[in-house]
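For reference, the structure discussed in these notes is given below.
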Amino acid sequence: MSKVLLVEDDDSLGSSLQSYLTGEGHEVVWAQSLTMARELKGDEEIIILDWMLPDGQGVDFLKELREAEVSKPVIMLTARTDLIDKVIGLEAGANDYMTKPFEPRELIARIRVQLRDHHKKDHDSNDGIMTRGELVINQNEREIRWHDEVIEFTKMEFDFLSLLAESPNRAFSREEILNKVWGYENYPSTRTVDTHVLQIRQKLSDELIETVRGIGYRFRFNDN
């Protein structure tokens, strides 16, 4: 059983989601505003966060969490369908994004995926070694192994691949990648990201890093 913080102001949707999630074995804490969410957040394992709330936007709460280095997974819920809104949510640090209306069963499936990936990431961070199938990233030695063979990587290639592999299947925009890998002080063009993707694909596999049309890239991984 996992503890879920549900931040949703719609009484009908919030009530039905609380009932459904509880029925699936989750413990649910329901907040109907950002103020309540800030008061109630604590030991939850995952956050289900609505975009529009009575006292502000959920994406602002998400930014607060990430600035405070809270890494727990966040799934955004929104009626917004524009691509730019999805990009904004992902850039702010959302792990996943669902557009209303949606089937509760799909939300359950996405919660399971996020919790599984988050727990695996926590386990990986304990020893500094990240394993993604045949790919092994040793953060301590800054070494990449692919099919048990050491592959030479530049510093930026290593940092770039590590960023994507730490959050499997999450889409990163080119701008977010540039910010987190290169930093604002040495901010090159988005073309630099595309060039590094090409270089990493040539060293490893074309299938590891997937192009997400209109957004950027994600590390494809299924450990089933």
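The values are calculated or read from the model by the stated rules, or taken from the named source; none is laboratory data. Please read all numbers here as calculations on a predicted model, not as lab measurements. FYI the Cβ positions are ideal-geometry reconstructions off the backbone, even for glycines, and counts take in every protein chain you see. Only protein heavy atoms, including side chains, enter the accessible area calculation; ligands, DNA and RNA are left aside. Shrake-Rupley method; radii C 1.70, N 1.55, O 1.52, S 1.80 Å.
Using unit Cβ charges (K, R positive; D, E negative) and no other charged atoms, how large, in debye to the nearest 20, is the dipole of the range 57-148 about its Cα centre? It would help to have the intermediate numbers written out before the result.
Numbers: 15 positive and 18 negative charges, 72 e Å.
Result for the range 57-148 is approximately 340 debye, rounded to the nearest 20.
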What residue among Arg201, Arg191, Arg170 has the largest mean-square fluctuation in a Gaussian network model of the chain, using Cα springs under 10 Å? Arg191
In the range 131-195, if the dipole is taken from +1 on Lys/Arg beta carbons and -1 on Asp/Glu beta carbons about the Cα centre, which of Ser173, Phe160, Asn138 is farthest to the positive end? Ser173
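Rounded to a whole number, what % of the accessible area of the chain do carbon and sulfur atoms account for, probe 1.4 Å?
Values: 5230 of 11520 Å².
Carbon plus sulfur share of accessible area: 45 percent.
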Partner aspartates and glutamates whose C-alpha sits under 15 Å from that of Lys63, ignoring same-chain residues fewer than 8 away, are Asp50, Asp85, Glu91, Asp96, Glu176
Answer in debye to the nearest 20: the dipole magnitude of the chain about its Cα centre, from +1 Lys/Arg and -1 Asp/Glu charges placed on Cβ, is 440 debye
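For the chain, what is the accessible area per residue in Å², given a 1.4 Å probe and the full set of protein chains? If you can, show how the numbers build up before the last one.
Values: 11520 Å² over 224 residues.
Here the residues of the chain average 51 Å² of exposed surface.
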